[in-house]
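J.: Right, I'll just put the structure down here and ask away after.
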Amino acid sequence: MGTKGNPDKKDVLYGLQVFSELPVSAQHRKSAIMDLIAQVKVGVETGAIPAGAPVAIARYAKPTAASAQANVCRKRDVNGGVSGFTYKTGKVSEDTGETRSALFVMFTPEAPASDNGESEPAQVTSGRRGR
């Protein structure tokens, strides 16, 4: 159950593992995605990132994972009253030639909360933009 190009790499590891308590890192840690979204917001507010610019914050082996994460982010914004963010997915080519599904976030401070519907896929084919 490996990913294309690397049969030893697994996207998910399944199994039961019982702990006596939560590991310290899992107790109050924000997700990496939320940290990256916050960095995009700060970048726009400080002028380091143009408002509304698409920023790839994650690249997934499976397109369904990117779409699912985009939906989670949209729902978080709607339920939390957060506004100004738009989430889209699209294919990007890595430097290795591998194609992945990216999750893009765009932040425009004056924009309303993102809708809960599906976004049109972004079409980005160059590798690692913004570096």
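The values are calculated or read from the model by the stated rules, or taken from the named source; none is laboratory data. Keep in mind the model is a prediction, meaning the values are calculated, not measured. Cβ atoms come from the backbone with ideal geometry, glycine included; neighbour counts cover every protein chain shown.
J.: Here is a list of conditions, (1) at pLDDT below 70; (2) surrounded by 10 or more Cβ atoms within 10 Å (Cβ to Cβ); (3) of a type in the set (G, A, S), and S25 meets all of them except one; can you say which number that is?
T.: Here S25 meets the rest and fails (2).
J.: Select, from K30, K41, the only residue that is modelled with pLDDT under 85 and either of a type in the set (K, R) or touching a strand residue (DSSP E or B) at 6+ places or on another chain (Cβ under 6 Å) (or both). Reasoning before the result, please.
T.: Details: K41 fails: modelled with pLDDT under 85.
Every option except K30 fails the conditions.
J.: Being more than 18 Å from S83 (Cα to Cα) and surrounded by 15 or more Cβ atoms within 10 Å (Cβ to Cβ) is the filter here, so list the residues in segment 36-56 that pass it.
T.: Of segment 36-56, the ones more than 18 Å from S83 (Cα to Cα) are 47-48, 56.
A56 - this is the single residue of segment 36-56 that is more than 18 Å from S83 (Cα to Cα) and surrounded by 15 or more Cβ atoms within 10 Å (Cβ to Cβ).
J.: Please go through segment 77-100 and give me each residue that is over 19 Å from L36 (Cβ atoms) and of a type in the set (D, E), ordered by number.
T.: Those that are over 19 Å from L36 (Cβ atoms) and of a type in the set (D, E): D95, E98.
J.: Say whether the condition of being surrounded by 19 or more Cβ atoms within 10 Å (Cβ to Cβ), under 20 Å from K41 (Cα atoms) and modelled with pLDDT of 95 or more is met by at least one residue in segment 108-119. Lay out the reasoning, then the answer.
T.: Of the residues in segment 108-119, the ones surrounded by 19 or more Cβ atoms within 10 Å (Cβ to Cβ) are 114.
Narrowing further to those that are under 20 Å from K41 (Cα atoms): 114.
Subsequent filtering for residues that are modelled with pLDDT of 95 or more retains none.
The answer is no, given that none of the residues of segment 108-119 is surrounded by 19 or more Cβ atoms within 10 Å (Cβ to Cβ), under 20 Å from K41 (Cα atoms) and modelled with pLDDT of 95 or more.
J.: Please tell me if V92 is among the hydrophobic types (A, V, I, L, M, F, W, C), modelled with pLDDT of 85 or more and surrounded by 11 or more Cβ atoms within 10 Å (Cβ to Cβ).
T.: Values: among the hydrophobic types (A, V, I, L, M, F, W, C): yes; modelled with pLDDT of 85 or more: yes; surrounded by 11 or more Cβ atoms within 10 Å (Cβ to Cβ): yes.
Against the criterion (among the hydrophobic types (A, V, I, L, M, F, W, C), modelled with pLDDT of 85 or more and surrounded by 11 or more Cβ atoms within 10 Å (Cβ to Cβ)), V92 qualifies.
J.: What number of residues within segment 46-73 satisfy the criterion of being in contact (Cβ under 8 Å) with a residue 12 or more places away in the chain and closer than 14 Å to F107 by Cβ?
T.: The total comes to 9.
J.: When both residues are 6+ apart or on different chains and their Cβ atoms are under 7 Å apart, which pairs have a first residue that lies in segment 74-100 and is more than 25 Å from A61 (Cβ to Cβ) and in contact (Cβ under 8 Å) with a residue 12 or more places away in the chain, and a second that is among the polar types (S, T, N, Q) and in a loop (DSSP other than H, G, I, E, B)?
T.: Partner pairs satisfying both residue conditions: D77/S114; V78/N116; G84/T108.
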